[in-house]
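What follows is a short report on a single structure.
Just so it is clear, none of the values below were taken in a lab; they were calculated from the coordinates. Remember, it's a predicted structure, so these values are computed and weren't measured experimentally. Reconstructed Cβ throughout: ideal geometry from the backbone, glycine too, with neighbour counts over all protein chains shown.
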Amino acid sequence: MPYDVIIRKNETGEKRRIREDADWSYGQQFLWEEGNYSCDCNREIFFERANGVETEDEECSEGRFSANAVLPDGSEVSLDMDDL
């Protein structure tokens, strides 16, 4: 089943929610925690797209954005060292 991700821009505290069409699995969790989606450059793209904005000025870094997965049963899984 698809799941949602809440992405927070840590500097402002603003949160945006996106829908992931993939089924939640260890592979999806790894992607967000240690894979490509763990980098701020990709999280910024998702964050901006959630507001209908395409960005080309994203920076590779860590810590500017945090994320939580919202599973189909309503439970949340932190995708970072710190909870949202």
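Taking the conditions exactly as written (touching a helix residue (DSSP H, G or I) at 6+ places or on another chain (Cβ under 9 Å) and among the charged types (D, E, K, R)), does R49 satisfy them or not?
no
Anything in segment 35-62 that is in a loop (DSSP other than H, G, I, E, B) and under 12 Å from the mean Cα position of the chain (by Cα)? List them, or say none.
G35, C39, A50
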